[in-house]
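Derivation of every value follows stated rules applied to the coordinates shown; laboratory data play no part. Everything quoted here is computed from the prediction, not taken from an experiment. Every residue, glycine among them, receives a Cβ derived from its backbone with ideal geometry; neighbour counts consider all protein chains shown.
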């Protein structure tokens, strides 16, 4: 990963320069914006990792910028940490900043060392949260109305829980992870062997039969490929 890019949104030139100087010395890349409108444009056109956001800006306020950012991010899988940097330190101002989505709040005057420590803390937390979210997404398989949570060992069909045995769960996870792919009975046995060493080709057929019954209308999604094995069809309406 390259340098962390911090967007400094501050209309006072002296403070903008002071913050930028200290961040660059600390090893950050710095992008500056003098207004809320410019900040939103920077966010659209550049890869920003953290935002230092003044509350009182010409044009749209820092609170409005923060709200706009969080609204856009609600449709994405990435949340940029925001630190409010402002002279308004009353309790209601702090609460307003945090409620609109800020991760931290620093009042002026401030210590550059404290500011840098806060930035490092929110970035570290954001990267950890993103990594956890990425891992969580990898452990969840969603195909049409079927949802498999490998971490929780849960299966839902159209939102309703379905109780499967460990072997059934293993087989379904294998097939549904790659819709349309054909798996031989031996491949399915090898995948499920950790759950039951007595699995045989005939046993796989029995497990598939049980799965189809438990999945109700989604049972037909598990297709037999004659002479080879099984596959999970990609869409309910596809022809067999």
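Annotations
- Helix 13-25 and the long axis of the chain differ in direction by around 50°, with both axes built from C-alpha atoms.
- Degrees, to the nearest 10: 112-138 long Cα axis against longest axis of the chain: 10
- Extending 7 Å from the Cα toward the beta-carbon at both residue 64 and residue 125 defines two label points whose distance is 2.8 nm.
- Shape summary of the chain, radius of gyration then Dmax from alpha carbon positions: 26.1, 77 Å.
- The length gained by stretching the chain between residue 37 and residue 187 to full extension, at 0.36 nm per residue less their Cα-Cα distance, is 48.4 nm.
- Degrees, to the nearest 10: 166-177 long Cα axis against longest axis of the chain: 70
- A simple spin-label model places pseudo-atoms 7 Å from Cα toward Cβ; at residue 111 and residue 79 they are separated by 2.8 nm.
- Debye intensity ratio I(q)/I(0), log10, the stretch 140-232, q values 0.26 Å⁻¹ (C-alpha model): -1.60
- Note on the chain: helix-only mean residue ellipticity at 222 nm, from DSSP H runs of 4+ residues weighted -39500 (n - 2.57) and normalised by residue number, equals -14000 deg cm²/dmol.
- Largest to smallest principal axis extent of the C-alpha atoms in the stretch 8-61, angstrom: 31, 25, 13
- Net length gained if the chain between residue 214 and residue 228 were fully extended (0.36 nm per residue, minus Cα distance): 2.7 nm
- In the chain, the DSSP beta bridges split such that about 55 percent are antiparallel, to the nearest 5.
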